[in-house]
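Right, one structure below, let's go through it.
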Amino acid sequence: MLNKDVAKLLNEQINKEFYSAYLYMYMANYYAEQSLSGFENWFDVQTKEERDHALLFRQYLLNNGESVKLLPIDAPTQIYNNFREPLVAAFEHEQFVTASINSIYDEAYQCKDFRTMQFLDWFIKEQGEEEKNADDNIKKFDLFVSDAKGLYMLDNEMKARVYAAPSLVI
Ligand SMILES: [Fe+2]
Ligand SMILES: [Fe+2]
């Protein structure tokens, strides 16, 4: 069993990770509708990663004898005015998720819940990578997309991203 507050935050994180998956699927849909299949692919891969994160939090709770309460997932409704805006929104969203993971870590730390801190270590590192990837996308966009040819080339690069299962096994 885990501390009640830690377990509650971990349970809520399942929802936040599934919402992340929803948000990135929404962005993938946006790019698909614009025939940017590379950007679509990049966010499709991201969607799968977020689903994986949700499942890891679920598994951790179950492994610790906690029940899992599934909460409703909000539908993304953002309107994007250009191809750059989802990239910025993705970066901001990752910063939000980092803060959320940090607050669970902080609660676990207060409770001397070393097991949960160790479990969260992987996510602390993962969030560093997530923020960097999202920031890189914005930087590449700003560097290369001054015309249709640049957009075409960046779209081709985004096409190369492949899904890999998470390195964390619990
Ligand atoms: Fe995530
Ligand atoms: Fe993420």
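A short reminder: the numbers here are calculations on the coordinates, not readings from a lab. Since this is a predicted model, take the numbers as computed values, not measurements. All Cβ positions, glycine included, derive from the backbone under ideal geometry; neighbour counts span all protein chains shown.
Quick look at the values:
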| quantity | calculated |
| --- | --- |
| Selection from the range 90-133 of residues that are touching a Leu at 6+ places or on another chain (Cβ under 7 Å) and of a type in the set (A, V, I, L, M) | Ile101, Ile104, Ala108 |
| First in the range 93-113 and without any contact (Cβ under 8 Å) to a residue 12 or more places away in the chain, second anywhere and more than 10 Å from ligand 1 (Cβ to nearest atom), Cβ under 7 Å, 6 or more apart | Tyr109/Met117 |
| Selection status of Ala160, part of a helix (DSSP H, G or I) and either aliphatic (A, V, I, L, M) or more than 16 Å from ligand 2 (Cβ to nearest atom) (or both) | no |
| Matching residues in the range 111-157 - criterion: being part of a helix (DSSP H, G or I), small (Gly, Ala, Ser) and out of contact with any helix residue (DSSP H, G or I) (no Cβ under 9 Å at 6 or more places or on another chain) | Ala148 |
